[in-house]
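Report on one structure; see the data block that follows.
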Amino acid sequence: MLSITALSQKISTKYLDQCMGEVDSVNAYLKIVSDYSEDSVFCKKYEYQEGKLVGIMNFKRADSLDWTGHHSKPQLQLHKVSELVYYRESGAKYAEVKFVNSKLQDTLKLYYPDGKLKRWSFCRGDSIIESECFTNSGEKISCQPLMKDGEFPSGSDEMSAFLGKNLVYPQEALRQERGGTVYIKFCVSETGKVSNFRVIKSSGSEDLDAEALRVISMIPNWGVSIQYEMRVVSEQIIPLRFVIPDEDDDNRSNRKRKRN
């Protein structure tokens, strides 16, 4: 365990659940120890999972300054730089990543459990410019997606069909012509299991919020997100919009039903 005795340094500890919500130490999935010095621009964060070190992040507390542009009119650019190292449960290094202003930058590297290079990618502003991937014996192979955001099984069309089938507009809200958009957030595990559904932005109507939460909570599973070629826990946000049906459309639908 990390031990630091210098008086000029400060240490803060935060405990998180799988959805990155803050919890007590007993229910923690992840422990983050932040270590920084009052007279230094550098800070270091250590991430622990079940007592094992799983990540280290070095970053600058203050902005670094670069002069760019034409010599006649230089511009001062402020950059926030962070460097991350991820580890496997065995303690072997898995990934080295650099961010500038929260975007991937420079060379990203992934490693096999025995320490051999698995992939390198040159990145600029979150875009991957060039990549090479290797087998454990060093032979070049096709690269797998580096990142992938999980989605509803079978895609957005199936998601729309699921909502159309299960969503029930609250009758009182219809009568009072109340509409609005509800934002629901939930957690997706490394296996696609969904949990921790909650309203993060209300429509302004409790019955609309409750119906949105009820329907989204019916989702059986979700596609797993990929980060640096590994399955990871992720959070998803779904906006659900309640729109008062147009009266003319209702009348046309009623007439059509009567004719049938």
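What the table shows:
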read-out	value
Residue in the range 201-219 that is closer than 18 Å to SER154 by Cα, assigned to a strand (DSSP E or B) and assigned by TED's automatic domain parsing to the domain that holds PRO245 present	no
Residue match in the range 53-65 (condition: modelled with pLDDT under 55, in a strand (DSSP E or B) and loosely packed, with under 15 Cβ neighbours inside 10 Å)	yes
Answer from GLY192, GLY180 - the residue that is assigned by TED's automatic domain parsing to the domain that holds ARG214 and closer than 20 Å to GLU206 by Cα	GLY180
Any hit, the range 120-142, residues being surrounded by 14 or more Cβ atoms within 10 Å (Cβ to Cβ) and within 30 Å of ASP207 (Cα to Cα)	no
Residue within the range 199-206 that is more than 25 Å from GLU89 (Cα to Cα), free of Cβ contacts under 8 Å to residues at least 12 places away in the same chain and of a type in the set (Asp, Glu) present	yes
Out of THR181, THR191, sole residue that is part of a loop (DSSP other than H, G, I, E, B) and surrounded by fewer than 16 Cβ atoms within 10 Å (Cβ to Cβ)	THR191
Residue in the range 122-137 that is within 29 Å of VAL194 (Cα to Cα) and of a type in the set (A, V, I, L, M, F, W, C) present	no
Qualifying residue in the range 167-177 (condition: assigned to a loop (DSSP other than H, G, I, E, B), under 20 Å from the mean Cα position of the chain (by Cα), surrounded by 11 or more Cβ atoms within 10 Å (Cβ to Cβ) and assigned by TED's automatic domain parsing to the domain that holds ASN221)	no
Answer from ARG124, ARG88, ARG119 - the residue that is in contact with a Pro (Cβ under 9 Å, 6 or more places away or on another chain), outside the structural domain of SER234 (by TED's automatic domain parsing), under 30 Å from CYS43 (Cβ atoms) and of a type in the set (Lys, Arg)	ARG88
Residues that are touching a Pro at 6+ places or on another chain (Cβ under 8 Å) and among the hydrophobic types (A, V, I, L, M, F, W, C), drawn from the range 195-209	LEU208
Pick from the range 189-228, criterion out of contact with any Phe, Trp or Tyr (no Cβ under 9 Å at 6 or more places or on another chain) and of a type in the set (Val, Ile, Thr), ranking: nearest to CYS133 (Cα to Cα)	ILE226
Selected residue [aliphatic (A, V, I, L, M), within 25 Å of PHE99 (Cα to Cα) and surrounded by 13 or more Cβ atoms within 10 Å (Cβ to Cβ)] from LEU146, LEU213	LEU146
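The values are calculated or read from the model by the stated rules, or taken from the named source; none is laboratory data. Predicted model, so just to flag it, every value in this text is computed and none were measured. Cβ: placed from backbone, ideal geometry, glycine included. Neighbour counts: every protein chain shown.
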